[in-house]
Amino acid sequence: MRTLSVLLLVLLPALGACGGDPDSSTPAPTAGARAAQVTLVDADQLAAKIAAAKGRGLLVNLWAMW
C-alpha cells in the first residue's frame, strides 16, 4: 500500500501536464487548407512511393491484421 501511495505522489503531478494548453501556439486549420492525400498501395507501390518522396517528408501508416 505504501508503494502505491508513493507511486501516486510521483505520477499525479506528471498527469497534470498531459492535458495541454487549449490556447497553444499551433494554429488551427483554416478554411480551404489542403487535406492530406491518402492512398492504399501494395508492397511494390509502397517502395515506389517512398523512392519518389526522397528528400521530402512522408507519413506511412501501416496496419496489419494477423
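For region 24-65, taking Cα atoms only, Rg and Dmax work out to 14.2, 40 Å respectively.
The HN-Hα couplings worked out from phi for region 47-59 by the Karplus form 6.51 cos²θ - 1.76 cosθ + 1.60 (θ = phi - 60°) are 4, 5, 5, 5, 5, 5, 9, 4, x, 10, x, 9, 9 Hz, whole numbers, x standing for Gly and Pro.
Rule-based calculations on the coordinates, nothing more; no lab input. Computed from a prediction, not measured in an experiment: that's the story for all the values here.
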